[in-house]
């Protein structure tokens with residue numbers, strides 16, 4: 001299972017970086033979101049959730065190394081909220097840029113010193 005997480009995270013990081021470096025601003029935004037999803041998947045893989053014992057189980061009778069870490073789950077939830085806010089702000093900036101310059105191509109955007 002760790003191999004699947006590693007492969008999926010690596011492929012999603014590569015796809016996100018590739019899309020982030022594109023000239024089209026909308027494709028760059030999609031790459032940004034793919035990169036955020038890869039980071040969430042990486043945090044999930046690091047959390048070492050084995051699918052059997054939830055994070056809130058009392059340690060009575062259960063060894064401490066089999067429970068998952070609740071901090072990782074809180075970090076993933078926080079990262080999802082931050083990524084939604086950042087993505088909404090990014091899409092808003094792309095909408096304003098496309099209205100102002102009549103294009104979503106980053107090479108054709110000029111006069112940024114106004």
Scanning the range 13-28 for residues that are touching a residue at least 40 places away in the same chain (Cβ under 8 Å), part of a helix (DSSP H, G or I) and out of contact with any helix residue (DSSP H, G or I) (no Cβ under 6 Å at 6 or more places or on another chain) gives 26
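Does residue 111 count as modelled with pLDDT under 85, at positive phi and over 14 Å from the mean Cα position of the chain (by Cα)? Show your work before the answer.
Numbers: modelled with pLDDT under 85: yes; at positive phi: yes; over 14 Å from the mean Cα position of the chain (by Cα): yes.
Yes.
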Taking interchain pairs and intrachain pairs at least six residues apart, which have beta carbon atoms under 6 angstrom, with the first residue in the range 1-12 and under 20 Å from residue 36 (Cβ atoms) and the second assigned to a helix (DSSP H, G or I)? 5/45; 9/38; 9/41; 9/42; 12/34; 12/38
When residue 50 is evaluated against the numbered criteria (1) modelled with pLDDT under 85; (2) surrounded by fewer than 17 Cβ atoms within 10 Å (Cβ to Cβ); (3) closer than 25 Å to residue 81 by Cβ, which criterion, by number, is the only one it fails? (3)
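The values are calculated or read from the model by the stated rules, or taken from the named source; none is laboratory data. Note that the structure is predicted; figures quoted are calculated from it, not measured. Reconstructed Cβ throughout: ideal geometry from the backbone, glycine too, with neighbour counts over all protein chains shown.
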